[in-house]
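In what follows, a single structure is set out as C-alpha cells and then discussed.
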Amino acid sequence: MYSFFDYAVEDEKYAYSVGRIRALENYLLDRQKFERMADALGVDEITRQLSDTSYAKYFGEIAMPYGYEDMLKRERWDTYKTVDGLLIDKQIYERIVSVFDFYNIKVLLKGKIMEKNTDAYLIPLSNIPIEDIKVVFQNEYYESLPEYLATAVNAGIEAYYEKKDSQRLSFAIDRIMYKYLCGVDYPFLRIYFKMNADIINIYTIFRLKFTGRGSNLSKVFLEGGYIPSEEIVKVFSENIDTIAGFYSRTSYQQIVNEGILGFREENSFVKLERAGEKFMDDFLKTTRYISLGAEPVIAYLFFKEKEIKNIRMLFVAKLNKMESDIIKGRLVI
C-alpha cells in the first residue's frame, strides 16, 4: 500500500480547511445508513430516510423521489464548490476537475461524429466553461484548447476513424487523460491517480480475458500508472493464474484474487470492482491522521463522489425491484 506519509509536509495554511472538512465528514452517510436504505421497501422510503441528511435541502425544489438525479447533481455541484473554496493550491483543484474537461470533449466529439446534439450530457464542473468549449467544437478550432486537451481531441478523432469505433475514441482520450492526471506535482494526488490507473488496467484485463477480446492491446491499457502498460501487454497472453502470479509481486494481489474468485463463483466482476474500490478507499482513509494539508480535503471530495454513486445505485436498484441482498453486495462502503 502506498502512503502519502512518505511525502506529506504539514501546511499550516490548511488549518481552517481541514477543520471544516472534519465537520463535513460527520455528515457522510455510514454503512448502517446505506444498509437501511438497501432494506427499504421502495424509492419513497429511501427518500424518507434521506430527510435527515444534507440531501433533504433540495426536496422542496425537486419532485422526489423520481427527481433523485437532479438532487444528486445539485449536491455534487455544492460539494465541488465547497472543496474549491477550501483547496488553497488551485492547481490541485484544476487537476481534479480536468477529468470533466476530458469527459466533455468525449461527449462533444461523439455528438459531432453522430451529428447529434449531446449538450445535455455535458458536466459544468469542468475548468473550461460549457459555452466556451461548445464554441470550440462548433468552429473546430481545437488548437485554442490547452495542449493536453487538444492532443486528446486529435487522438480521439484519429482513433475513431481507424475503424469508426466510438469505443476506440474513448480509449484514446482516457489514455491521454490518465497520463496527464498522473503527472500532477502534488504527491498525494499523484499516488492516487497512478494507483487508480493500475486498478482500471486490472479491470480491463479481466473484461478482455473473460470476454475473449484482446486486439490492439497497446492502445487499450492506460499509461501513467506504477505498472508500465508494456508489461501488462506482455503478460496478457498468459492464463489468468499466471497473470495472478504477476500481480502477486504488487500491492494489487488481493484485488486480482478477488476478481478471479468472483468470476469463477458468480460469473461476475462485482467482487473485482468492490476490491478495487476498497483498495482506493483504504488509501484515502489514511488522511484521517493528518491535521494540516490538502490531503483530507481531496479525500473528502472522493468519498462524497462515492456516496453520491451509492445513492444513485440505490434509487436505480429499487426502481428495478432488485433484492436487498444483491444491492448490499454492490455497495462500496
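The values are calculated or read from the model by the stated rules, or taken from the named source; none is laboratory data. In this text, all values refer to a predicted model and were calculated from it rather than measured experimentally. Ideal geometry is used to build each Cβ from the backbone, glycine not excepted, and the neighbour counts take in all protein chains shown.
Inspect all residues belonging to the stretch 171-189 and state whether any of them is modelled with pLDDT under 90, among the charged types (D, E, K, R) and surrounded by fewer than 16 Cβ atoms within 10 Å (Cβ to Cβ).
Here is the first cut: in the stretch 171-189, the ones modelled with pLDDT under 90 are none.
Checking the stretch 171-189: not a single residue is modelled with pLDDT under 90, among the charged types (D, E, K, R) and surrounded by fewer than 16 Cβ atoms within 10 Å (Cβ to Cβ).
When the residues of the stretch 308-327 are filtered to those that are buried (at least 16 other Cβ atoms within 10 Å of the Cβ) and modelled with pLDDT under 95, which remaining residue is nearest to MET64 (Cα to Cα)?
Once the filter is applied, the top-ranked residue is PHE315.
Is there any pair with a first residue in the stretch 70-89 that is aromatic (Phe, Trp, Tyr) and a second that is surrounded by fewer than 14 Cβ atoms within 10 Å (Cβ to Cβ) whose Cβ atoms are under 9 Å apart and which are 6 or more apart or on different chains, and what are they?
That search, which allows pairs on different chains as well, returns TRP77/PRO124.
Pick from the stretch 90-127 the residues that are under 13 Å from TYR180 (Cβ atoms) and in contact (Cβ under 8 Å) with a residue 60 or more places away in the chain: which of them is surrounded by the fewest Cβ atoms within 10 Å (Cβ to Cβ)?
Here the residue is GLN91.
More than 28 Å from ILE326 (Cβ to Cβ) and either surrounded by 14 or more Cβ atoms within 10 Å (Cβ to Cβ) or in contact with a strand residue (DSSP E or B) (Cβ under 8 Å, 6 or more places away or on another chain) (or both), is that true of ILE46?
no
Which numbered condition in (1) modelled with pLDDT of 90 or more; (2) among the hydrophobic types (A, V, I, L, M, F, W, C); (3) loosely packed, with under 14 Cβ neighbours inside 10 Å is the only one that LEU41 fails?
In the conditions (1) modelled with pLDDT of 90 or more; (2) among the hydrophobic types (A, V, I, L, M, F, W, C); (3) loosely packed, with under 14 Cβ neighbours inside 10 Å, LEU41 misses (1) alone.
May I ask you to verify whether MET280 is aliphatic (A, V, I, L, M) and within 20 Å of LEU50 (Cα to Cα)?
No.
Looking at GLU273 and the list (1) within 27 Å of ASP185 (Cβ to Cβ); (2) in contact (Cβ under 8 Å) with a residue 60 or more places away in the chain; (3) crowded, with 19+ Cβ neighbours inside 10 Å, which single condition is not satisfied?
It is condition (1) that GLU273 fails.
Checking LYS164 against (1) on the phi > 0 side of the Ramachandran plot; (2) over 20 Å from the mean Cα position of the chain (by Cα); (3) buried (at least 20 other Cβ atoms within 10 Å of the Cβ), only one condition comes out false. Which one?
The failed condition is (3).
Show the residue pairs that are 6+ apart or on different chains and have beta-carbon atoms under 9 Å apart, the first residue being within the stretch 235-261 and closer than 19 Å to ARG207 by Cβ and without any contact (Cβ under 8 Å) to a residue 24 or more places away in the chain, the second being surrounded by fewer than 19 Cβ atoms within 10 Å (Cβ to Cβ) and among the polar types (S, T, N, Q).
Pairs found: VAL235/THR242; ALA244/GLN253; ALA244/ASN257; ASN257/SER248.
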